[in-house]
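Just below is one structure, and these are the notes that go with it.
Since every read-out is calculated from the coordinates, none of them should be taken as a lab result. As the structure is a computational prediction, the values presented were derived from the model and not from experiment. Cβ: placed from backbone, ideal geometry, glycine included. Neighbour counts: every protein chain shown.
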Amino acid sequence: MKGRRVLVTGSAGHLGEGLVRALRTEGYEVVGLDVLDSPFTTVVGSIVDRTCVRRCVSGIDAVLHAATLHKPHVGTHTRQQFVETNVTGMLTLLEEAVAAGVQCLVFTSTTSAFGWALTPPPGAPAAWITEDVAPVPRNIYGVTKTAAEDLCQLFHRDHGLSCLILRTSRFFPEKDDRKEIRGGYDDGNVKTNEYLYRRVDLEDAVNAHLLALERTPVIGFGVYIISATTPFTPEDLADLRSDAPRVRQATLPRLRGGIRAPGLDNVPER
């Protein structure tokens, strides 16, 4: 699809900027949509604004939908705002994309969609998360992202729109939204530790979207986890649940005493 027109929503954001940069380098013609102006934003507007979205999808071949309220916004935005942006915005975009004859859409979802499925019941081994695990959202963010995923599947089934859903691990630069984590650990330490179980490098996230852009018309519909490769294996799950620091030190001895590990000190999420 190189050389064709692509709409990137959320173009002023951390991922959106990376997508626009990469697409331009690869020779795509890019339209960037965001509520904030930026060097990577062509149209300043909201995905909830149907007139704006209709204008943006005109003549577009594919959409990379990265616009969202995400995990750090849970403490600063209302549930209704999450529904409007993440669900109503998704519906508006899908309807207008189909009407405009867009060929395919790649949706940036999240591993937070798994929610409570990341934390097993007492006495069970640590969770091993694959695309086969059913989401059990724990907050409004997860609820709205899984609802948006369902809308993608609906429009693929009812209208033939090719859609790929990428459940990305964390790549956002903001500090953790949990007060106990922010206060107890250095931010760089937190993010480094997350590569063990639920973080991804921004460059890898961007590359995954570009690959999805090429493959979506062939695959039709699919859901994929985008995450750094964990050093652990399914055979480690029982020990990870009972003594995660010991397993971490045995697996990565160079980290011994070097990284404090929120999230792995007790129950790893992945």
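Counting lysine pairs in the chain whose alpha carbons fall under 18 angstrom apart, excluding pairs fewer than 8 residues apart on the same chain, gives 6. Its Cα centre serving as origin, the chain has a Cβ charge dipole (Lys and Arg +1, Asp and Glu -1) of approximately 280 debye. When the charge dipole of the chain is built from unit charges on Cβ atoms (+1 for Lys and Arg, -1 for Asp and Glu) and taken about the Cα centre, the candidate among 114, 40, 245 whose Cα reaches farthest toward its positive end is 245.
Among the GluC sites (Glu not before Pro) within the stretch 161-200, those in coil by DSSP and having at most 12 neighbouring Cβ atoms inside 10 Å are 174. Modelled this way, with points 7 Å down the Cα-to-C-beta line, the labels at residue 24 and residue 54 are 3.0 nm from one another. Pairs of Cα atoms nearer than 8 Å and 6+ residues apart set the relative contact order; for the stretch 141-244 it is 39 percent.
Can you tell me, using C-alpha contacts under 8 Å and at least 6 residues apart, the relative contact order of the stretch 64-143 as a whole percent? Reported relative contact order: 37 percent. The H on the amide N of residue 167, modeled in the peptide plane, is under 5 Å from the matching H of 109, 224, 225, 226, each at least 5 residues off or on a different chain. As a rough guide to protection, the peptides 89-96, 74-81, 199-206 ranked by mean Cβ packing within 10 Å, highest first, stand as 89-96, 199-206, 74-81. Each Cα pair under 8 Å and six or more residues apart adds its sequence gap; the mean of these over the residue count of the stretch 5-235 is a relative contact order of 20 percent. Ellipsoid semi-axes for the stretch 5-235, based on the Cα gyration tensor and the rule √(5λ), read 29, 19, 18 Å when sorted largest first.
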